[in-house]
Amino acid sequence: MASTLPEKTPATDRPTAPPQDRPAGRIEAHGIDQIPDSERRGRPRDLFAVWAATNVNYLSLVMGGALILMGLTLWQALAVLFVGNLFWVLTGLLAVPGPAAGAPSEVITRALFGVIGNRVNNAVTGWLVSVCYFALNLSAAAVAAFALVEKAGIPATTTVKTVVVVVIAALTLTISVYGHAVIMRLYVPITLVLGAAFAVVAVAVFRHADYAYVPAEPLHGVDLWAVAVAGVTLIASGPLSYTTSADFSRYLPRTTSKKAVLGWTALGGFLPSMIVCSLGVFGATVVDMSDPQSGLAKILPGWFTPLFLLALVLGTISINALTAYSAGLALQAVGLRIRRTVSVLFDGTAAVALTLYGLLISNFLDTVSNVLQLTVVLLGPSVAVYATDIVLRRNRYDGAALGDESRGGPYWFRGGVNWSGATALLLGAVTSGLCVNTLYTGPLATVFDGVDLALPVGMIVSGLGYWLLARKGIRATAA
């Protein structure tokens with residue numbers, strides 16, 4: 001039985017309305033349970049707005065500007081940006097099993113790690129990482145909101161800051177609690193509003209940008225490769241953090257085109273991320289993008305600054321609503337018998353606590369930010385194992401069987417663990433950790449003259465390892 005409880009509804013004796021037909025005020029009834037075919041609606045292109053809204057945001061500006069701050073030339077930064085954003089293809093691939101299984105990613109990955117092994121996977125790469133990202137994004141939105149409050153003539157005291165953080169979190173969690181149908185309806189207008197706001201930013205940036213920008217001391221040789229690879233990893237960390245893309249495709253009909261799901265998901269992430277990150281790159285050629293909010297204010301029209309701050313807050317709300325939604329499903333998949341609404345609120349409370357502690361008491365969020373730089377050590381191999389499983393199984397996932405957590409069930413494997421997936425993930429993570437050159441310098445990074453190859457090496461080792469360890473068993477099962 002799936003580790004979830006149905007949401008209370010006014011008429012539990014009647015079938016739940018299809019997601020696109022539900023009243024906007026009705027809370028989603030499903031958690032990690034399988035979505036019945038009778039409730040499947042929608043088109044693959046609906047996924048574009050979901051992923052576009054999450055990438056028209058403050059974080060994308062920061063990452064784009066960071067490439068210039070790292071010492072790259074304008075055109076080197078744009079090349080790195082392009083390569084890093086190609087990882088959205090993997091996010092699209094990971095969305096493909098949603099319609100086939102009618103289940104979220106947090107359940108589909110039982111095929112990779114087993115029932116018990118997947119609980120550990122969801123606890124770390126699902127819930128913990130999501131809550132940390134939620135806190136970091138919330139803190140970024142809060143800083144923009146603090147500036148907006150001060151422009152309104154209200155001193156940003158500790159009490160005011162606390163209220164601002166709680167209000168932003170409440171708006172975010174409201175979307176997450178109401179769930180899939182509300183997300184699908186809201187994210188089209190959110191995308192349009194954010195697109196209009198960032199179009200104004202684009203006009204200002206492109207008018208002032210230095211198209212011949214070259215740093216005072218251009219990078220060459222090994223130093224250039226080290227920075228370029230680090231830049232690709234930084235940009236790729238965005239799409240790699242969305243191992244949960246099937247959460248938002250699972251309501252599509254079972255017969256939905258796999259290519260369409262992959263394509264619209266990948267395009268929804270790639271295109272906006274390229275555009276907004278590019279604004280950060282071009283902006284960094286003329287202003288200090290170590291603080292994009294203040295830097296861009298120097299070239300933006302004065303009347304637009306409050307609207308820009310509002311757009312930054314809205315963009316963060318849209319990205320965090322998806323994060324909180326998936327974190328709630330991850331908490332259920334860990335094995336807690338709680339309703340999805342309760343799990344989402346629990347995640348939000350934890351993230352708010354981290355944010356307030358970091359903003360008001362210590363530099364804790366700086367520490368979390370540094371730790372998250374190392375999440376690629378786990379997320380890269382995790383994505384590689386998941387993608388390899390989809391290819392090996394040819395996307396044949398039985399949603400009902402995946403929901404069976406009983407001993408001896410189809411995905412119990414040995415002791416509740418699929419040792420092929422667990423071993424491949426562990427090998428990839430360990431190898432990746434040896435290549436790190438951020439918070440520490442791994443022995444393999446030293447061999448490679450400081451070039452941090454944690455991302456490609458970890459993904460290759462885990463993907464190839466899973467292919468070798470699991471292919472015979474998967475083919476035998478499929479036969």
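The values are calculated or read from the model by the stated rules, or taken from the named source; none is laboratory data. None of these values were measured; they are calculated from a predicted model. Using ideal geometry, Cβ is built from the backbone for each residue, glycine included, and neighbour counts are taken over all protein chains shown. These accessible areas exclude ligands, DNA and RNA; they are computed on the full protein's heavy atoms, side chains included. Shrake-Rupley method; radii C 1.70, N 1.55, O 1.52, S 1.80 Å.
Below are the figures for this structure:
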{"quantity": "Trypsin sites (Lys or Arg not before Pro) within the stretch 258-361: DSSP coil, no more than 15 neighbouring Cβ in 10 Å", "calculated": "298, 337"}
{"quantity": "Label-zone membership for the stretch 256-289, site residue 298, 7 angstrom Cα→C-beta point, backbone N under 16 Å", "calculated": "280-289"}
{"quantity": "Pairwise centroid distance, computed over Cα atoms, of the stretch 388-424 with the stretch 89-109, Å", "calculated": "14"}
{"quantity": "Cβ-derived FRET efficiency at R0 22 Å, residue 27 paired with residue 349, nearest 0.05", "calculated": "0.75"}
{"quantity": "Computed FRET value (nearest 0.05) for residue 222 with residue 468, which takes r as the C-beta separation and R₀ as 30 Å", "calculated": "0.40"}
{"quantity": "Within the accessible area of the chain (1.4 Å probe), percent carbon and sulfur", "calculated": "67"}
{"quantity": "Largest to smallest accessible area among 150, 405, 28, 217 [probe 1.4 Å]", "calculated": "217, 150, 405, 28"}
{"quantity": "Heavy-atom accessible area per residue - the chain, 1.4 Å, Å²", "calculated": "40"}
{"quantity": "DSSP loop chymotrypsin sites (Phe, Trp or Tyr not before Pro) with at most 14 other Cβ within 10 Å: longest gap in the chain", "calculated": "212-439"}
{"quantity": "Positive dipole terminus of the stretch 250-385, leading residue within 294, 327, 317 (C-beta point charges)", "calculated": "327"}
{"quantity": "FRET efficiency estimate (nearest 0.05) - Cβ-Cβ, residue 255 to residue 400, R0 22 angstrom", "calculated": "0.80"}
{"quantity": "Helical segments meeting 24 Å axial Cα length and Kyte-Doolittle 0.0 threshold in the chain (DSSP H)", "calculated": "129-151, 158-178, 180-208, 221-240, 258-283, 305-333, 340-360, 376-393, 454-478"}
{"quantity": "Computed over the chain: relative contact order in percent, which uses C-alpha pairs under 8 Å that are six or more apart", "calculated": "31"}
{"quantity": "Set of aspartates and glutamates near residue 259 by C-alpha distance (under 16 Å), chain-local residues within fewer than 8 positions excluded", "calculated": "46"}
{"quantity": "Proximal lysines to residue 161, defined as alpha-carbon separation beneath 20 angstrom and excluding residues fewer than eight positions away on the same chain", "calculated": "151"}
{"quantity": "Where labels lie 7 Å past Cα in the beta-carbon direction, separation of residue 196 and residue 45 in nm", "calculated": "2.2"}
{"quantity": "Distance between modelled label sites at residue 158 and residue 188, nm, 7 Å Cα→Cβ extension", "calculated": "4.7"}
